[in-house]
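Here is the structure we will look at, set down as structure tokens.
Nothing in this text is a laboratory measurement; each read-out follows from the coordinates by a stated rule. Remember, predicted model here, so these are calculated numbers, not experimental data. Cβ coordinates were reconstructed from backbone atoms using ideal geometry, including for glycine residues, and neighbour counts include every protein chain displayed.
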């Protein structure tokens, strides 16, 4: 446990608050390579919870885990022209091995479509080989930016990438939404964060895809963050990489492909969505310790209180609980575990022993005295989760402003809102918005229908409802 200092107020100096909280809560350690960080155990545990949850769900869908190499020959990564064009500025290259120059430069994996699909062309020969459903958990390197922000924008990050191949376009497209709903479920059940499901505009879709879908989170400052994506790749990659199969009638056909992923960027969503001036506020599903017991005693009562605290710890079945019996003061422990975001603190002292009670403090703020016989920690953890989710839902709803013209749209974004407008589909409006306000389209929500027949930008016939925002 390192020495801790007071945090900056989140609303007053967000950048300083964020930098301090991820450091002092022992989530990361910076390294000598900018944008490459150490995921410390407190953070990596959260990633493991996501892995466990997601692995269980995708295996129900018949998806198998495997691993592909991180080094990709230049000739392979450049096979799909639209794909590499979208990643060209981000690719890091290996050009030497020891003192010898390589015959062909090797790209360090910015994403794995190319290296995987080159192999898929060997695995897929017949309709019997379909569908192919695989996923890998790995690291990714993208080198396009100057100012890294831990979790949110790293040069190296962790993710899962699922890749599937179908004979039927219908089956492939059904999976795109099935996986997107699974990501939405992860954010609701693990992260206690509501998200908006929708389709990306053509300009913002994944490079080389037919179309992309996403879940978008809206954070307290009115910015959005792309939380996870699910893409329908169509047949473009199959054409580029020579992936084809013989159907039941002996005819050679091209399959349809999908890719989908969630990354450690999602941990940044949790930190920003729930954190406060005291530090992290973790939803119970992601917290390494869901409850911390803090004994409060004098020299005279120490043995008795610690004995009861250990008994309490043993009684908390099915809960990740921890007894802090260190020699630090109770006040120090309170501050430390609040900074770390632990959902519940259970205090037990000499007075509590006599009254057969404990003092429970939820990280969401409520403090109450509970009889030992009535203590239901799992129910209290559910309360914490629900309180976090409902608070985040209030933020989401309060930060969306419906607009009908260009002035309203620009004013909303300048004022820290997400603007919801009808749009004609002209990409020049996206270019102008990015140039003037540094804002982009988040997605086109599935749940929204046209509420105006005019585009907010130009007054022409509207085709879509779009969320526009500044983004992480």
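Among (1) 1.24; (2) 1.01; (3) 1.11, which one is Cα Rg over 2.2 N^0.38 Å computed from these coordinates?
Given (1) 1.24; (2) 1.01; (3) 1.11, the calculated one carries the label (3).
Could you tell me which of rounded, prolate or oblate describes segment 70-217, using a ≥ b ≥ c as the square roots of the eigenvalues of the alpha-carbon gyration tensor, with rounded for a/c under 1.5 and, failing that, prolate when a/b is larger than b/c and oblate otherwise?
oblate
How high is the relative contact order of segment 234-314, given as a whole-number percent (alpha carbon pairs under 8 Å, six or more residues apart)?
15
Would you mind checking the tilt of helix 14-24 against the longest principal axis of the Cα atoms of the chain, expressed as 0 to 90 degrees and rounded to 10?
With both axes taken from Cα atoms, the answer is about 70 degrees.
Compute the relative contact order of the chain as a whole-number percentage, counting only Cα pairs closer than 8 Å that sit 6 or more residues apart in sequence.
Computed over the chain, the figure is 14 percent.
Under a crude label model (7 Å from the Cα following the beta-carbon direction), how far is residue 244 from residue 354 in nanometres?
Placing both labels 7 Å beyond Cα along the Cβ direction yields 8.7 nm.
Assuming a ≥ b ≥ c are the square roots of the Cα gyration tensor eigenvalues, decide whether segment 14-274 counts as rounded (a/c under 1.5), prolate (otherwise, with a/b larger than b/c) or oblate. Walk me through the numbers before you get to the answer.
Working: a/c = 1.99, a/b = 1.33, b/c = 1.50.
Taking the square roots of the gyration eigenvalues as a ≥ b ≥ c, segment 14-274 is oblate.
In degrees between 0 and 90, to the nearest 10, how far off the longest principal axis of the chain does helix 427-437 point, with axes built from Cα atoms?
Result, in degrees: 40.
Which percent, nearest 5, of DSSP beta bridges in segment 302-429 are antiparallel?
Antiparallel bridges: around 75 percent, rounded to the nearest 5.
I'd like the antiparallel share, as a percent to the nearest 5, of DSSP beta bridges with both residues in the chain.
Bridges in the chain that DSSP calls antiparallel: roughly 80 percent.
Apply the Kirkwood formula to segment 401-469: the hydrodynamic radius equals the inverse of the mean of 1/r over all pairs of different alpha-carbon atoms; give it in Å with one decimal. Before the final figure, lay out each step's value.
Working: mean 1/r = 0.0867 Å⁻¹.
It works out to 11.5 Å.
As I understand it, the value is the acute angle between the Cα axis of helix 377-398 and the longest principal axis of the Cα atoms of the chain; what does it come to in degrees, rounded to 10?
The two axes meet at around 50 degrees.
Starting from the Cα gyration tensor of segment 305-375, take the square roots of the eigenvalues, sort them a ≥ b ≥ c, and report rounded, prolate or oblate (rounded when a/c is under 1.5, otherwise prolate if a/b is larger than b/c, else oblate).
It is rounded, given that a/c, with a ≥ b ≥ c, falls under 1.5.
Considering only C-alpha atoms, what is the centroid distance from segment 278-351 to segment 369-408, in Å?
24
How high is the relative contact order of segment 423-463, given as a whole-number percent (alpha carbon pairs under 8 Å, six or more residues apart)?
Normalised by residue count, the contact order of segment 423-463 is 52 percent.
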